[in-house]
Amino acid sequence: MKVLVACELSGVVRDAFRAKGHDAWSCDLMPCDGDNTYHFQQDVTEIIYDDCWDLLIAHPPCTFLSNSGALRLYKGGKKCNGTDRDRWDNMVKGAVFFRLFLCADIPKICVENPVIHGHATEIIGEKYTQTIQPYQYGHPESKRTCLWLKGLPELKPTNILTKPECGYWDNQCPSGQNKLGPSPDRAKVRSQTYTGIAEAMANQWGQEKLILGPTQRIISFEETK
């Protein structure tokens, strides 16, 4: 398949699909942190409309969409103070950008984000299909992630871990909050896809190929060999 992984700096998802023999490419305004060979450093809207992609996996920025930051849409974090116009405008732009991926003319689509707040959901117009956790894919960490899926089955867990005896996951403090402290790279580190999840995507979603034609039928990946 021809796979586009949008808004990806790490190359983790792209490389998982390439390891399975697919023609996968990442795209972002910044250079790839890994191998830059199969990376488009440009605006994704310049290539997403190319009539060649079979699968799109998108990770649009969540800064203004995440439910955890909903109160920041208001001055001083309080609704009674009125909206913070700049943040609100950025939220609208972020939600419209998010919807661009959902509406792409591509047979198979996955858009990934943390739990988003109601204001953004209203603009996006569609609720997520499923939620996943790193500890369902072999990583002893917690980070609830939502997937909006089109033309794809739900992602199945591959290695469900038991919560440690201490009562919280490796990336959490005792109260359950993420323990990654503030830093210039915090957002990038938090947004990177776990390898277990990337491999599950490649293994489960990379086994079928869309053959475009009069019948528009889906055939197994084995049939194409």
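The values are calculated or read from the model by the stated rules, or taken from the named source; none is laboratory data. What you see is a predicted model, and the numbers here were worked out from it, not measured in a lab. Cβ: placed from backbone, ideal geometry, glycine included. Neighbour counts: every protein chain shown.
Computed values, structure above
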item	result
From VAL12, VAL44, residue being of a type in the set (A, V, I, L, M, F, W, C) and touching a strand residue (DSSP E or B) at 6+ places or on another chain (Cβ under 6 Å)	VAL44
Tabulated pairs, region 1-30, first touching a residue at least 60 places away in the same chain (Cβ under 8 Å) and assigned to a loop (DSSP other than H, G, I, E, B), second surrounded by 24 or more Cβ atoms within 10 Å (Cβ to Cβ) and aromatic (Phe, Trp, Tyr), C-beta under 9 angstrom, 6+ apart or interchain	MET1/PHE17
Residues satisfying the stated conditions in region 62-81, i.e. buried (at least 16 other Cβ atoms within 10 Å of the Cβ) and within 16 Å of VAL96 (Cα to Cα)	CYS62, PHE64, LEU65, SER66
Considering residues of region 155-172 that are in contact with a strand residue (DSSP E or B) (Cβ under 7 Å, 6 or more places away or on another chain) and of a type outside the set (S, T, N, Q) only, the residue surrounded by the fewest Cβ atoms within 10 Å (Cβ to Cβ)	PRO157
Residue ID - surrounded by the most Cβ atoms within 10 Å (Cβ to Cβ), chosen from residues in region 96-130 that are over 20 Å from CYS27 (Cβ atoms) and aliphatic (A, V, I, L, M)	ILE116
Selection within region 47-60 - in a loop (DSSP other than H, G, I, E, B) and touching a residue at least 60 places away in the same chain (Cβ under 8 Å)	ASP54, HIS59
Residue selected from region 9-57 under the condition of a type in the set (S, T, N, Q) and under 17 Å from the mean Cα position of the chain (by Cα), by the criterion surrounded by the most Cβ atoms within 10 Å (Cβ to Cβ)	SER26
Boolean, LEU152 is in contact with a strand residue (DSSP E or B) (Cβ under 7 Å, 6 or more places away or on another chain) and modelled with pLDDT of 75 or more	yes
Total residues in region 116-138, condition touching a residue at least 24 places away in the same chain (Cβ under 8 Å), assigned to a loop (DSSP other than H, G, I, E, B) and either in contact with a Lys or Arg (Cβ under 6 Å, 6 or more places away or on another chain) or among the aromatic types (Phe, Trp, Tyr) (or both)	0
